[in-house]
Amino acid sequence: MCDYSLHGVASRPAKVGDKLVTTRFCNTTTCGFSAVGEPNIAVCLLPGTEVGFENEVERVLTRFQLVFCKGGKKILQHKVAQFRQVNQDNPCTHHDALEFPDGQIVLLTHLRGGQRATVLQLPAQPLVRPQPQARVANVT
């Protein structure tokens, strides 16, 4: 899934092994993932997708956070995260987020651009069992 603010950007679904980079997309107000070498195509993740970053993740500080922290960024102590969708009840806000092992959730749009990650695992899909078919009586 890609955030509502990326609906005007070309996109494709993520695959295991994709090399991604956090990207600020032109003519949008958001940051998301693009594939390395494809900066104009958003890579959309399903909730539960696990990503691993090359380095500890950096987030850009917003509003009142800037008052309490110097440098305008915060380094998270994690290199892996799971993709989540948040604020689903509010259609006019960002939904794409990462959940880190300590339970912290950060919107993708708050990540510093240029960070590299790899899709480690897609979420498990429910097994679709074939429906039993009605028996046909033997006709002689």
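At-a-glance table
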{"item": "Among (1) polar (S, T, N, Q); (2) surrounded by fewer than 20 Cβ atoms within 10 Å (Cβ to Cβ); (3) under 15 Å from the mean Cα position of the chain (by Cα), the one test that Asn55 misses", "result": "(3)"}
{"item": "Where a residue in the stretch 73-88 is more than 14 Å from Gln115 (Cβ to Cβ) and its partner, wherever it lies, is part of a strand (DSSP E or B), with Cβ under 6 Å and at least six apart", "result": "Gln82/Glu50; Gln82/Glu99; Arg84/Ala97; Arg84/Glu99; Val86/Ala97"}
{"item": "So Gly17, is it more than 17 Å from Leu107 (Cβ to Cβ), in contact (Cβ under 8 Å) with a residue 60 or more places away in the chain and in a loop (DSSP other than H, G, I, E, B)", "result": "yes"}
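Bear in mind these aren't lab numbers, they're just calculated from the coordinates by the rules spelled out. Not measured: the values here are computed from a predicted model. Counting neighbours? That spans all protein chains shown, and the Cβs are built from the backbone with ideal geometry, glycine included.
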